[in-house]
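Novice: First, the structure itself, so that you have it in front of you.
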Amino acid sequence: MRGFQVQSMIEIAGTEIDALAILKYVGDDAAGAIDIFIGTTRNISNEKKVLHLEFEAYVPMARKKMQEIEKEIRTKWNIIKFCIVHRTGKVRIGDINVVIAVSSAHRRDAFEACRYAIDTLKKNVPIWKKEFFEDGEIWVDERN
Amino acid sequence: MMTVHVKLFAMIRDVMENNEMQFLLEENSSVEKILELLSEKNIRFEEWRPHLRIAVNCEYVSSDFLLSNNDEVAIIPPVSGG
């Protein structure tokens with residue numbers, strides 16, 4: 001495996017994320033379902049061509065908030081294994097920004113928990129995205 | 001008196017041209033005091049204020065939260081991970 005290695009379930013990664021390694025990581029003989037969300041870098045934002053992105057994280061708090069997401073989904077759904085990895089630093093178009101993977105005995109738990117995890121991450125985890133264009137750069141502001 | 005460490009991120013770091021600051025405050029000062037001091041330093045911080053969340057020692061708090069010596073206060077602008 002190249003670059004980032006899955007060593008624990010919750011990570012902030014400064015290098016390329018290996019989604020297949022994460023998929024293997026959440027695999028389990030007791031699992032009947034694995035749901036995986038992969039967020040990738042788009043080449044267009046508000047009709048402007050994006051050159052690349054940069055992510056900044058408040059790492060200790062981001063980790064803590066991601067651990068809380070795991071705790072929360074484990075109280076709401078029957079989850080076997082769980083993994084979140086989010087990128088920081090410069091990210092190229094098409095690269096993976098975030099992977100959330102959930103395994104469970106039945107598909108409904110994995111689907112719902114995975115969706116809840118990414119929605120909650122987007123609201124509460126202190127990570128910021130900067131978009132770089134041909135004529136400048138801007139911190140993404142998703143307030144509205 | 002007590003010392004608190006303030007961390008600034010993303011657009012707020014750009015506005016304040018600083019990623020870390022320290023403030024010497026009177027005992028029992030609240031988060032509000034930090035926000036006032038940052039607003040005094042830079043008028044553009046004031047414009048951001050309604051959109052900011054504050055974390056103390058990695059936990060979101062309200063602006064009336066009372067600070068302790070050596071607390072780490074993070075100014076959290078709208079997040080955009082994922």
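The values are calculated or read from the model by the stated rules, or taken from the named source; none is laboratory data. Note that this is a predicted model, so its numbers are computed, not measured. Neighbour counts run over all protein chains shown; Cβ positions are idealised from the backbone, glycine included.
Novice: Only one of A:Ile84, A:Ile34, A:Ile12, A:Ile79 is within 14 Å of another protein chain (Cβ to nearest Cβ), within 19 Å of A:Glu112 (Cβ to Cβ) and either touching a helix residue (DSSP H, G or I) at 6+ places or on another chain (Cβ under 6 Å) or acidic (Asp, Glu) (or both). Can you tell me which?
Specialist: When all the criteria are applied, what remains is A:Ile84.
Novice: Moving on. Of the numbered conditions (1) in contact with an Asp or Glu (Cβ under 9 Å, 6 or more places away or on another chain); (2) of a type in the set (A, V, I, L, M, F, W, C); (3) more than 27 Å from B:Lys7 (Cβ to Cβ), A:Met66 fails exactly one; give the number of that condition.
Specialist: Failed condition: (3).
Novice: Given the conditions (1) within 14 Å of the chain's Cα centre (by Cα); (2) within 13 Å of chain B (Cβ to nearest Cβ); (3) loosely packed, with under 14 Cβ neighbours inside 10 Å, which single one is not true for A:Arg42?
Specialist: (1)
Novice: Looking at A:Lys90, A:Lys130, which is the one that is crowded, with 17+ Cβ neighbours inside 10 Å, farther than 27 Å from A:Asp28 by Cα and over 13 Å from the mean Cα position of the chain (by Cα)?
Specialist: A:Lys130
Novice: Could you please give the count of residues in region A:120-136 that are touching a strand residue (DSSP E or B) at 6+ places or on another chain (Cβ under 6 Å) and either more than 9 Å from chain B (Cβ to nearest Cβ) or of a type in the set (Lys, Arg) (or both)?
Specialist: 5
Novice: To continue, here is another question. Which of the numbered conditions does A:Arg115 fail, given that it passes all the others? Conditions: (1) buried (at least 17 other Cβ atoms within 10 Å of the Cβ); (2) within 14 Å of another protein chain (Cβ to nearest Cβ); (3) more than 30 Å from B:Asp14 (Cβ to Cβ).
Specialist: (1)
Novice: Kindly indicate whether any position in region A:54-75 is closer than 16 Å to A:Thr15 by Cα, crowded, with 19+ Cβ neighbours inside 10 Å and more than 10 Å from chain B (Cβ to nearest Cβ).
Specialist: For region A:54-75, residues closer than 16 Å to A:Thr15 by Cα, crowded, with 19+ Cβ neighbours inside 10 Å and more than 10 Å from chain B (Cβ to nearest Cβ): absent.
Novice: Which strands (runs of 3 or more DSSP E) does region B:1-77 wholly contain that include 1 or more residues that are loosely packed, with under 15 Cβ neighbours inside 10 Å?
Specialist: B:2-8, B:20-25, B:59-61
Novice: Taking A:Glu142 and the conditions (1) in a strand (DSSP E or B); (2) within 13 Å of chain B (Cβ to nearest Cβ); (3) more than 27 Å from A:Ala31 (Cβ to Cβ), which numbered condition does it fall short on, given that it satisfies the others?
Specialist: Every listed condition holds for A:Glu142 apart from (1).
Novice: Also: Scan region A:15-36 and report the pairs whose first residue is of a type in the set (S, T, N, Q) and surrounded by fewer than 20 Cβ atoms within 10 Å (Cβ to Cβ) and whose second residue is at pLDDT below 95 and part of a loop (DSSP other than H, G, I, E, B), with Cβ atoms within less than 9 Å and a gap of 6+ or a chain change.
Specialist: Pairs that qualify, where the first residue is of a type in the set (S, T, N, Q) and surrounded by fewer than 20 Cβ atoms within 10 Å (Cβ to Cβ) and the partner is at pLDDT below 95 and part of a loop (DSSP other than H, G, I, E, B), are A:Thr15/A:Arg2; A:Thr15/A:Gly3; A:Thr15/A:Phe4.
Conditions tested, residue by residue: (1) more than 25 Å from B:Leu52 (Cα to Cα); (2) acidic (Asp, Glu).
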position: A:Lys65; (1), (2): no, no
position: A:Lys71; (1), (2): yes, no
position: A:Arg74; (1), (2): yes, no
position: A:Val98; (1), (2): no, no
position: A:Ala105; (1), (2): yes, no
position: A:Lys122; (1), (2): no, no
position: A:Glu137; (1), (2): no, yes
